[in-house]
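What follows is a set of notes on a single structure, which appears directly below.
The values are calculated or read from the model by the stated rules, or taken from the named source; none is laboratory data. Note that the structure is a prediction, hence the values are computed from the model and not measured. When we count neighbours, we look across all protein chains shown, and the Cβ atoms used for this are built from the backbone with ideal geometry, even at glycine.
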Amino acid sequence: MAILDKIDGPADVQRLHRAELTTLAQEIRERIIDVTARNGGHIGPNLGVVELTLGLHRVFTTPEDKFVFDVAHQGYVHKLLTGRKGDDFDLIRRAGGLSGFLNRTESEHDAYGAGHAGTALSAALGMCAARDRAGKDNHVVALLGDAAFTCGITMEALNNIAATTDRLIIILNDNEWSIAKNVGALSKYFNEIITNPVYNRLDKDLHSVLERVPGGQQMIEFGRRWKRETKDFFVNSSLFEAYGLRYIGPVDGHDLDSVVKHLEFAKESTTPIILHLMTKKGRGFEPAIASPEKFHGLGPFDPKTGEAVKKGGASGLAYQDAFGLSLLKYAETDPKVLGITAAMPPGTGLSYLKEKRPQQFFDVGIAEEHAVLFASGLACEGYKPVVAIYSTFLQRGYDCIVHDVCLQNLPVTFCMDRAGLSPNDGATHHGLFDIAYLRCVPNAVVMQPKDEAELANMLWTSIHTASPMFIRYPRGKGTGAALPEQGEMLPIGKAEVVKKGREVQLWALGPWVQEAEKLAAYLEENSEHLSVGVVNARFAKPIDRELLTAQAEEAQLVVTLEDHTVVGGFGTAVLEAVSEAGLPVPVERIGYPDAFVDHGDGVKDLRASVGLDNETLQRRLLQRLHALGLAPLPATA
């Protein structure tokens, strides 16, 4: 019987013999590789924290003790050790399976949910403050990757620790990577701590001497104090001490005995403490070690070779590649065009610019607020910055969008990938709110292309327009439309009539344009004398009021379709415009409900889960048309 099969909770980990832990670590790695090969997922980060997570559950007891994982994409091992090793783990990131992140509703052992970087330290500090006020004595452990220290929130939390609590354990999981290779001064700082040869030699020599000196074990505490002092002398490592933290490390994060020993020491600390662990992303799987950026998070792959398993379906370019290639083309002819990413060159498509025009590329680390402000400064000086950030992550820079870009009407272009659904990742990664949070901001222009060619033209329009521009587009393949040789200026706020109609007008954004064409054909086939028009809206702000008003004066129903929440979205903009024009035509808004959408197998399945599949929409619209006297009642109603 495998050891993992005997683990039903953390208490079982604590009962194992030391030798069994090594076997368990190997079984966990094999299980993670097997499952992620089928489902995709964050394989590299999880393989890197096997010993660390075993050590945590060996020393601490959840749910009484609280583990707060930053991002929480490295929580697969934690899930396996807390009673989630069955079929639900086999379906992780798929419909009916576990979330790919930690989730408070999934298990009492998940003290805090996450999906974005930089949240762990502040949340953990809040838990410490709550514990202290309640007079409890449980432990709170915040687990952060080194890249989390590039987040402003983390630095703000650091500034408040000493003034808030005497007992907080911080694990710095240092693997030198976030998604891409870490950048910036803090990355260099951590590297200097790790690699200083003088300190490392003296540290080794000290332990060797203490082991031989009579009473050496009693001198360990003295040795720890000496260790900190020698580190400060040979390496300028007083950053954490300046924040009132006791620094221990660096420690080999794959040496389980060492990890356990240092965690036990941290457990007894009466001051806030940071334990610096060195780990290797992808440990135990050579393809992941060789390509840590690729294996940070990916789709299904061959567990023997690591090669991606190709899926069928759309044959066009991925939207991120259409964006990246178009930006590169425009940057090659205009040195003032600059690309900015927050630690995600491949995911955003900016790897093309990074490789071919590195002097026009900036990676600022996981620091979305800084990315927005940085772009503002560039725009003030006559440059044309293009900021590529996923829709869900751009939420983190919202104040800067309002206060620094739009208020000053600066010509910054924002390209928001993953607008709509990011199916396997779930609620933390869906981009379903950007139209609502941007539509209310003066000077913002918000658009969405129906295909790759229109995306290229929107990008061209944006970098040649002197105002804040936002382009949203979905994850995945496009329609197969060829990229234009030369960008075309699109008239701001003007929609495109795809199909003329009279009684019903379907106004669609992005991928819904093609779906609207199918719906129009169906409605006409199932209703006598009914003419249905289709409009590629292009712009969520400003909408084409002239065209909308002209159509609404004759139409008996206007339908809006969008990959966005119906609350405050594109449909709401259309509804407002029709109302302000004093027109009585009803508006049927099709979009996502006022609820967080879970993870699932794909866009089609998640749409169906909220009533946005073709069959349900066909029935819904026929019922509405029947109520208006325009169509017979659908037979299935």
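For the subset of the range 290-340 comprising residues that are at pLDDT below 85 and among the hydrophobic types (A, V, I, L, M, F, W, C), which member is surrounded by the most Cβ atoms within 10 Å (Cβ to Cβ)? Here the residue is Phe295.
Taken across the range 398-418, residues that are farther than 30 Å from Ile92 by Cβ and of a type in the set (Lys, Arg) do not occur at all.
Residues Gly377, Gly347, Gly365: which one is modelled with pLDDT of 95 or more and either assigned to a helix (DSSP H, G or I) or among the small types (Gly, Ala, Ser) (or both)? So that I can check it myself, show each step before the final result.
On the way: Gly347 fails: modelled with pLDDT of 95 or more; Gly365 fails: modelled with pLDDT of 95 or more.
Just a single option satisfies the conditions, and that option is Gly377.
Please verify whether Ile28 is among the β-branched types (Val, Ile, Thr), surrounded by fewer than 24 Cβ atoms within 10 Å (Cβ to Cβ) and under 25 Å from His599 (Cα atoms), treating the condition exactly as stated.
Numbers: among the β-branched types (Val, Ile, Thr): yes; surrounded by fewer than 24 Cβ atoms within 10 Å (Cβ to Cβ): no; under 25 Å from His599 (Cα atoms): yes.
Spelling it out, it is not the case that Ile28 is among the β-branched types (Val, Ile, Thr), surrounded by fewer than 24 Cβ atoms within 10 Å (Cβ to Cβ) and under 25 Å from His599 (Cα atoms).
So which residues in the range 586-605 are hydrophobic (A, V, I, L, M, F, W, C), surrounded by 16 or more Cβ atoms within 10 Å (Cβ to Cβ) and over 15 Å from Arg475 (Cβ atoms), if there are any at all? Let's see the steps before the verdict.
So in the range 586-605, the residues hydrophobic (A, V, I, L, M, F, W, C) come out as 587, 590, 595-597, 603.
Narrowing further to those that are surrounded by 16 or more Cβ atoms within 10 Å (Cβ to Cβ): 587, 590, 597, 603.
Scanning the range 586-605 gives Val587, Ile590.
Pairs meeting the criteria (first residue in the range 393-420 and on the phi > 0 side of the Ramachandran plot, second residue of a type in the set (A, V, I, L, M) and assigned to a loop (DSSP other than H, G, I, E, B), beta carbons under 9 Å, at least 6 apart or on different chains) are Asn409/Ala466; Gly420/Leu432.
Restricting attention to the range 583-626, which residues are closer than 24 Å to Ala573 by Cα and of a type in the set (A, V, I, L, M)? Once the filter is applied, which keeps residues that are closer than 24 Å to Ala573 by Cα and of a type in the set (A, V, I, L, M), the range 583-626 yields Leu583, Val585, Val587, Ile590, Ala595, Val597, Val610, Leu612, Leu617, Leu621, Leu622, Leu625.
Selection of the range 1-56 for residues being in contact with a Phe, Trp or Tyr (Cβ under 9 Å, 6 or more places away or on another chain) and free of Cβ contacts under 8 Å to residues at least 40 places away in the same chain yields Asn46, Thr53. Tell me, yes or no, whether the range 375-384 has at least one residue that is within 23 Å of Ala147 (Cα to Cα), in contact (Cβ under 8 Å) with a residue 12 or more places away in the chain and not hydrophobic (A, V, I, L, M, F, W, C). No, every residue in the range 375-384 fails to be within 23 Å of Ala147 (Cα to Cα), in contact (Cβ under 8 Å) with a residue 12 or more places away in the chain and not hydrophobic (A, V, I, L, M, F, W, C).
Here is a check on your reading of the model: is Gly591 touching a His at 6+ places or on another chain (Cβ under 8 Å), within 30 Å of Arg93 (Cα to Cα) and either assigned to a helix (DSSP H, G or I) or modelled with pLDDT of 95 or more (or both)? Can you show your working first?
Details: touching a His at 6+ places or on another chain (Cβ under 8 Å): yes; within 30 Å of Arg93 (Cα to Cα): yes; either assigned to a helix (DSSP H, G or I) or modelled with pLDDT of 95 or more (or both): yes.
Yes, satisfied.
Selection of first residues in the range 461-485 that are on the phi > 0 side of the Ramachandran plot and of second residues that are not polar (S, T, N, Q), restricted to Cβ pairs under 6 Å at least 6 apart or on distinct chains, gives the following pairs, ordered by first then second residue: Gly480/Gly316. Answer with yes or no whether Ala481 is more than 24 Å from the chain's Cα centre (by Cα), outside the structural domain of Ala540 (by TED's automatic domain parsing) and in a loop (DSSP other than H, G, I, E, B). Here the answer is yes, as Ala481 does meet what is asked. Selection of the range 249-272 for residues being touching a helix residue (DSSP H, G or I) at 6+ places or on another chain (Cβ under 6 Å) and β-branched (Val, Ile, Thr) yields Val251, Val259, Val260.
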